[in-house]
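These notes concern the structure reproduced below.
No value in this document is a laboratory result; all are computed from the given coordinates. Bear in mind the structure is a predicted one, so any value in this text is a computation, not a measurement. Positions of Cβ are backbone-derived with ideal geometry, glycine not excepted, and every protein chain shown enters the neighbour counts.
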Amino acid sequence: RVMQLFGLMNRLLTASNETNKRDLEIRTYAVIPLAPNCGMIGWVSFTDTIQSLIQNYRESQQLIFGIENEFVFEESANYDELPMYNKLEIFEHVLHITKGNDLRDLFWLKSWN
């Protein structure tokens, strides 16, 4: 339904002389439904993964990429074998000792602020 709405809006945007001059459109992508509430987006050219964005950001800020993993394995060498409750405790502990602002700061730097 959302895709139908976007298609209608794009037709309206191209029908208007003013918006057509400004080349306004809603960009849509092919989505493969996996379940009623989730899907997988089709291949989008010229995009970066969140991991690569964070890695580049941390390198530019001279921060250690993957420090959270190091903290996790300092807490427990056999992390993968732990019950989910213990993994959650370690995860919450690592959240408290790291800032976790990388994605926010990265998006702010890349925005047209």
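Taking the conditions exactly as written (within 30 Å of Lys99 (Cα to Cα) and part of a loop (DSSP other than H, G, I, E, B)), does Asp80 satisfy them or not? Give the derivation first.
Details: within 30 Å of Lys99 (Cα to Cα): yes; part of a loop (DSSP other than H, G, I, E, B): no.
No.
When the residues of segment 39-93 are filtered to those that are of a type in the set (Gly, Ala, Ser) and touching a residue at least 12 places away in the same chain (Cβ under 8 Å), the one that is surrounded by the fewest Cβ atoms within 10 Å (Cβ to Cβ) is Gly42. Tell me, yes or no, whether segment 22-38 has at least one residue that is exposed (fewer than 11 other Cβ atoms within 10 Å of the Cβ) and part of a helix (DSSP H, G or I). No, segment 22-38 contains no residue that is exposed (fewer than 11 other Cβ atoms within 10 Å of the Cβ) and part of a helix (DSSP H, G or I).
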